[in-house]
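J.: First the structure, which I've put down as structure tokens, then a few questions once you've had a look.
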């Protein structure tokens, strides 16, 4: 679970530049459901803290596949502390419109073998993005939230609800990220 904390910083983590300047969604008759997430496109760096301690990371968001998906790659690092060794975390997340519904979904994969499927909602006039996994009785429920607090500044929180208690989210790690200079 300690390394899941890296998910938030990792959420903004990836020293790997993911084509942050990639092509915007292809124009069509209807606006892309991904358009409200455009504020996330770019390369971000940040610091945060939580159950695994204090850490830092970077991430990149970019449109891909002709603007049909938004990719996030992230990387985070937690230095050794006491008897806890240093840790690194890498992940990839693909956000896409669900076929036939137009609603947004995401799939998250990381270097620890985790896979999380999220429903994605854009709230508060596009200033808040909430990714939440579907509750299951025998496993935790995960919530990842991005909040635009100013131009080029986004707060990120990763929270976990215990099995059987999908509304009992407790923050696991949180941080503030800033868009890297272009």
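J.: Any chance you could check the Cα centroid distance between segment 50-79 and segment 96-115 for me, in angstrom?
T.: Each part's Cα centre sits 14 Å from the other's.
J.: Using a simple spin-label model with points 7 Å from Cα along the Cα→Cβ vector, what separation in nm is obtained for residue 147 and residue 109?
T.: 3.2 nm
J.: For segment 34-182, rounded, prolate or oblate, judged on the Cα gyration tensor with a ≥ b ≥ c (square roots of eigenvalues), a/c < 1.5 rounded, else prolate if a/b > b/c?
T.: Since a/c reaches 1.5 but b/c is at least a/b, the shape of segment 34-182 is classed as oblate.
J.: Set the Förster radius R0 to 35 Å, insert the Cβ-Cβ distance between residue 101 and residue 54 as r into 1/(1 + (r/R0)^6), and round the FRET efficiency to 0.05.
T.: 0.30
J.: Quick check on packing: order 124-134, 140-150 by the mean number of other C-beta atoms within 10 Å, highest mean leading. Write down the numbers at each step before the final one.
T.: Details: 124-134: 16.0, 140-150: 18.1.
Output ranking for 124-134, 140-150: 140-150, 124-134.
J.: Can I ask one more? Among 79-91, 33-45, what's the highest-first ranking by average C-beta atoms within 10 angstrom per residue?
T.: Ranked from most to least packed, the peptides come out as 33-45, 79-91.
Where a number appears in this text, it was derived from the coordinates with a stated rule and is not lab data. Everything numeric here is computed off the predicted structure, so don't read it as measured data. Note that we place each Cβ from the backbone using ideal geometry, even for glycine, and neighbour counts take in every protein chain shown.
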